[in-house]
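Okay, so here's the structure we're looking at.
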Amino acid sequence: MEVLMPPPQIYVERTLALIKPDIVDKEEEIEDIILKSGFTIVQRRKLRFSPEQCSNFYVEQYGKMFFPNLTAYMSSGPLVAMILARHNAISYWLELMGPFNSLKAKETHPDSLRAIYGTDDLRNALHGSKNFAAAEREIRFMFPEVIIEPIPIGGAAKDYLNMYVNPTLLAGLSELCKHKPADPFIWLADWLLKNNPNKPRFCHQQDTVEESNENKTH
C-alpha cells in the first residue's frame, strides 16, 4: 500500500525593495515587472525621507565619501517601499536589479533593472536588501507594524503571544461564552478567521496601498 507523503513546505522569503526618487514616475511598469517575475507585493507605501531618516536607514554606509550625496539623493523626493515575497526573494531581487553601479550594469547586465532605469553608481534606481538580516532590519524600518517570520522563541515568543495572539483569542473565547454554539471548536475557528487582525495583506498592482498623510515626512 502506497504511503502518501505530505507535500514539502517551501519557505517564502521576504525582502525590501525601494524605487528611488528619480524614477518614481516609472513605478507602475517596475511593479509590473516585479509581479511578472514571480514576486508578490505583500505591502507597499509611498513616503518621503528626511536626511535624518536616510542616515538611519543607511547607517552601515555612514562615514563613507559618498554618504552625504546618498542622503541628499534619497531625500530629494518621494520613494516607493515594498515588501516582496517569493522563494529565495532576496537573491532573486538582487539578480533582477543587477550590479550596484548602473554604468557597469549597462555593460555586463543590460537587461537588469538598474541598467534600464539607473543613471550612474549613485542614481542606480532601486534598492534591495543584501541578506536576511538586512531584510529583517529594513522591513521593520519601513513597515514598523509588520510581523517578521520566523517567530522567535523564549521570552520574545511570549511577548509575541501577549501582543498579537492572546488579545484576539480572549475576545473570541468571550464571544464563544456568550453564544454557546453547538460545536464550539468550529464556531471559534470561524470567528478567528473572520476577526484575525494579523492576517497577511497581499497587494497587487491595482490594489496598492495609498500614501497617507501620517506617513509623509516634510
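The values are calculated or read from the model by the stated rules, or taken from the named source; none is laboratory data. Just so you know, these numbers come straight off a predicted model, no measurement behind them. Positions of Cβ are backbone-derived with ideal geometry, glycine not excepted, and every protein chain shown enters the neighbour counts. Note: accessible area is taken over every heavy atom of the protein model, side chains too, but ligands, DNA and RNA are not part of it. Shrake-Rupley method; radii C 1.70, N 1.55, O 1.52, S 1.80 Å.
Here are L84, L35: which of them is surrounded by fewer than 18 Cβ atoms within 10 Å (Cβ to Cβ) and not in a loop (DSSP other than H, G, I, E, B)? Walk me through how you get there before you give the answer.
On the way: L84 fails: surrounded by fewer than 18 Cβ atoms within 10 Å (Cβ to Cβ).
So the residue among L84, L35 that is surrounded by fewer than 18 Cβ atoms within 10 Å (Cβ to Cβ) and not in a loop (DSSP other than H, G, I, E, B) is L35.
Got at least one residue in the range 19-34 being of a type outside the set (S, T, Y), in contact with an Asp or Glu (Cβ under 6 Å, 6 or more places away or on another chain) and within 13 Å of Y73 (Cα to Cα)? Break it down stepwise before answering.
First pass over the range 19-34, keeping only residues of a type outside the set (S, T, Y): 19-34.
Narrowing further to those that are in contact with an Asp or Glu (Cβ under 6 Å, 6 or more places away or on another chain): 19.
From what's left, within 13 Å of Y73 (Cα to Cα): 19.
The answer is yes; a qualifying residue exists.
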### Task
Evaluate the range 55-73: report whether one residue or more is small (G, A, S) and touching a strand residue (DSSP E or B) at 6+ places or on another chain (Cβ under 7 Å).
no
### Query
If we scan the range 123-131, do we find a residue that is of a type outside the set (F, W, Y), open to solvent by 10 Å² or more (accessible area, probe 1.4 Å) and in a helix (DSSP H, G or I)?
no
#### Entry: Qualifying positions in the range 52-66 - surrounded by fewer than 15 Cβ atoms within 10 Å (Cβ to Cβ) and either of a type outside the set (D, E) or within 17 Å of the chain's Cα centre (by Cα) (or both)
N56, V59, Q61, Y62, G63, K64, M65, F66
